[in-house]
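The values are calculated or read from the model by the stated rules, or taken from the named source; none is laboratory data. Worth saying up front: this structure is predicted, and the values here are computed from it rather than measured. Because the Cβ atoms are built from the backbone with ideal geometry, glycine has one as well, and the counts that use them run over all protein chains shown. With ligands, DNA and RNA removed, areas are computed over all heavy atoms of the protein, side chains included. Shrake-Rupley method; radii C 1.70, N 1.55, O 1.52, S 1.80 Å.
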Amino acid sequence: MSLPLIALVGAPNVGKSTLFNRMVGSRLSIVEDTPGVTRDRLYGTAEWLTRKFRVVDTGGVEIANRPFQVQIRAQAEIAIEEADVIVFVADGKLGVTGDDRIVAKMLYRSGKPVILAVNKVDNSDRVADAQEFYSLGLGEPIPVSGAHGIGVGDVLDKIVSLIPEKHDVDYGSAISFSLIGRPNVGKSSITNALLGQDRVIVSNIAGTTRDSVDTPFESNGKNYVAIDTAGLNKRGRIFESIDKYAAIRALAAIDRSQIAVMVLDASTGILDQDRHVSGYALEAKKGIVVVVNKWDLAPKGLEQGEFEQEIKTRFKFLDFAEILFVSAKTGKGIEKILPAIEKAFEGCNRRVPTSILNQIIQDAQMMNPTPEFNHGRLKILFSNQVATNPPTFVMFCNNPAFAHFSYTRYLENRLRESFDFSGTPISIVYRMRK
C-alpha cells in the first residue's frame, strides 16, 4: 500500500527541518540557522495513532534571488503537487512575512488540505503572536515549538484527521515486484525482456521513466505484476529537473510491491547511489533480489565471483538477497529473474511452527549463551512468529534492554540456517514477559 505523503513547506529558516525531525523521530534533516540549508527534499516515515505516512521536508521558498532558489521553488511545487496533506510552517517570532504570503498563494492554487503550523512559539506569552497568521486565510494557526516538541502532537492529530484512507491495489494472487535502481541501469529493458514485448519506453537518456508503470502478465501459469519505476538519484541531486517526480513515485511503487528487484549496472560498477537506493527497499522491509544488468559490458577479466564478493562487501545489510547476472540486451540470464522473485516471495510468507521455533531459540541459547549487556544477561523464555512480509518474531524475555544487536544477528542467522528465508529480511522484536 502506498503511504500518504505529507509535505512540509514554508519560507527559509522557519524550522521545517526541526519539525520534520520531531515527526519522523530521527535527525535525518540538517538543522542549521543559515537560511536555505535544506536545498533538496528529504524523506522519512512517521507513525501517529497507528497511521503511517511519509513526510517530505522541502527547502524554503522566498522572494530573494539566492543561489538554488529556482530549484528550491520548483521542488517545493513538486512536493505540494504530490502531497496528500501540506503542513505550512511559519515563524511566530517574525510574524507574517512577504515570503509567507508567496507560499500561501502557492497553497491556494493546490487545492490540497493545509495545516498552518506557527513555529518557535516557545512559551504561553507567544501564543497570541500566532493569531496574526489568520490573515493568510489558511484556517486556524497551530502554535508549535519544533525545538521543544510543544504542539507537535496537535499537528500530528490534525494530519491523521486529514489524510485520506489509502487502499491496497488489488493484484489478486499475482506477485507484484518493483524494479528499482539509479537512472539508466536498464530497469525498463529488463521489464521489456520479462514481458517479451516493448511495453515500456526504453532510452539511453538517463531518467526517461518518470512515472511508475504497473504491468500484469503471466509466465509459466503464474501471475505477476511488474512495476517499473523512475530512477532514484542521490538526495543531493534530487531537485534536478530530470528527476521531478522520480523519488516520490518510486517510493510509492516500492510500498505497493511485495518484492523489490534491485538493478545494478555491471558496466559502471557499484556506486554510492546504489547503496542509497537499496536503503529505500530495506527500510520498507521488502523482499529483495539483486540483478546485475549489462554483464555483457562488464570490464574484461572481471569474474562474477569477484563482483558478487564486492556486492556482499558493500551491501552487508543485503546478505540475504539472491544475486543474478543478466544482460537485458542479449537476454542472457533473464529467465532466472522470475524464479528468484518467486523464491523471495515464498521466503517473505514462510511461517515457522511455534514449537519448532522455540526449540531452535532454546538450542541457540544453550550453544551460545547471551553476553552481559546493560548490566544484565538476556534470557528468552518464549518466542512466537507474529507476522509475515517480512517474517516477524517476538522474543518474550526477562528484559529487552539486555539484548545486544550482535546476539540478535546470531539468532537471525540460526533461523536462516534452519529455514529458507532467502530473499527476505527478518524482524526480531523483544518484549518483556511478566
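Here are the numbers:
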| item | result |
| --- | --- |
| Some residue of the range 309-328 being surrounded by fewer than 18 Cβ atoms within 10 Å (Cβ to Cβ), more than 14 Å from residue 179 (Cβ to Cβ) and of a type in the set (Gly, Ala, Ser) | no |
| Among (1) touching a residue at least 12 places away in the same chain (Cβ under 8 Å); (2) touching a strand residue (DSSP E or B) at 6+ places or on another chain (Cβ under 9 Å) - the single one residue 369 does not satisfy | (1) |
| Residue list for the range 380-400, restricted to those being open to solvent by 50 Å² or more (accessible area, probe 1.4 Å) and more than 15 Å from residue 362 (Cβ to Cβ) | 386, 389 |
| Leading residue by the ranking (modelled with the lowest pLDDT) among those in the range 135-188 that are part of a strand (DSSP E or B) and open to solvent by 20 Å² or more (accessible area, probe 1.4 Å) | 150 |
| Residue 128 being farther than 21 Å from residue 84 by Cβ and either small (Gly, Ala, Ser) or at pLDDT 90 or above (or both) | yes |
| Condition check for residue 286: modelled with pLDDT of 95 or more and basic (Lys, Arg) | no |
| Residues located in the range 369-379, provided they are within 16 Å of residue 414 (Cβ to Cβ) and either touching a helix residue (DSSP H, G or I) at 6+ places or on another chain (Cβ under 6 Å) or open to solvent by less than 60 Å² (accessible area, probe 1.4 Å) (or both) | 370, 371, 378 |
| Those helices (runs of 4 or more DSSP H) lying entirely in the range 320-429 with at least 3 residues within 30 Å of residue 189 (Cα to Cα) | 337-348 |
| Criterion (open to solvent by less than 60 Å² (accessible area, probe 1.4 Å) and among the acidic types (Asp, Glu)) met by exactly one of 346, 342 | 342 |
| Complete set of residues in the range 283-301 that are open to solvent by 50 Å² or more (accessible area, probe 1.4 Å) and within 18 Å of residue 318 (Cα to Cα) | 283, 285 |
